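Single-structure report; data block below.
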Amino acid sequence: MADKQLHDRIDETIHQRTRLAIMVTLAGVGSLEFNGLKGQLGLSDGNLSTHAGALERAGFVKIIKRFRGRKPQTTLAITAKGRKALTNYINLLQGILSEAT
């Protein structure tokens, strides 16, 4: 029964594998340009955009749009709320694994 309660606390926003990959990558560097993140994770523009939007709505990442010269540049940055959510997620998974062994 305790396992079920732990599983019920999983943050589905982060738990989705593409969003988890985005969060873990950003946690390691703080921020990354859209194309760099897209290339590192092997995602399409649309796929990264959709998942980044979900993370932004949750307050886990900030999407910064600006121009460099005449070229648009989009950067994704993990927020303090996002770091805390990722830490909580990792701690919860460790708790689930501990209960399982």
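What is the one condition in (1) among the aliphatic types (A, V, I, L, M); (2) assigned to a helix (DSSP H, G or I); (3) touching a residue at least 40 places away in the same chain (Cβ under 8 Å) that residue 97 does not satisfy? So residue 97 meets the others, but not (3).
Quick grid of which residues meet (1) modelled with pLDDT of 95 or more; (2) part of a helix (DSSP H, G or I):
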| residue | (1), (2) |
| --- | --- |
| 7 | no, yes |
| 25 | yes, yes |
| 28 | yes, yes |
| 38 | yes, yes |
| 50 | yes, yes |
| 77 | yes, no |
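In the condition set (1) surrounded by fewer than 12 Cβ atoms within 10 Å (Cβ to Cβ); (2) in contact with a strand residue (DSSP E or B) (Cβ under 6 Å, 6 or more places away or on another chain); (3) of a type in the set (D, E, K, R); (4) modelled with pLDDT of 95 or more, residue 62 is compliant with all but (1). In contact with a helix residue (DSSP H, G or I) (Cβ under 7 Å, 6 or more places away or on another chain) and surrounded by fewer than 16 Cβ atoms within 10 Å (Cβ to Cβ) - does that describe any residue in region 26-34? Yes, there is a match, as at least one residue in region 26-34 is in contact with a helix residue (DSSP H, G or I) (Cβ under 7 Å, 6 or more places away or on another chain) and surrounded by fewer than 16 Cβ atoms within 10 Å (Cβ to Cβ). One residue is enough: does region 57-68 have a residue meeting the conditions over 30 Å from residue 96 (Cβ atoms) and either in contact (Cβ under 8 Å) with a residue 12 or more places away in the chain or assigned to a helix (DSSP H, G or I) (or both)? Within region 57-68, one or more residues are over 30 Å from residue 96 (Cβ atoms) and either in contact (Cβ under 8 Å) with a residue 12 or more places away in the chain or assigned to a helix (DSSP H, G or I) (or both).
Scanning region 86-101 for residues that are over 14 Å from residue 28 (Cα atoms) and either surrounded by 13 or more Cβ atoms within 10 Å (Cβ to Cβ) or of a type outside the set (Gly, Ala, Ser) (or both) yields 88, 89, 90, 91, 92, 93, 94, 95, 96, 97, 99, 101.
Looking across 68, 19, 57, 83, one residue alone is surrounded by fewer than 13 Cβ atoms within 10 Å (Cβ to Cβ), closer than 27 Å to residue 5 by Cα and of a type in the set (D, E, K, R). It is 57.
The values are calculated or read from the model by the stated rules, or taken from the named source; none is laboratory data. Small disclaimer: the values here were computed from a predicted structure and weren't measured. For neighbour counting, all protein chains shown are included, and Cβ atoms are generated from backbone atoms with ideal geometry for every residue, glycine included.
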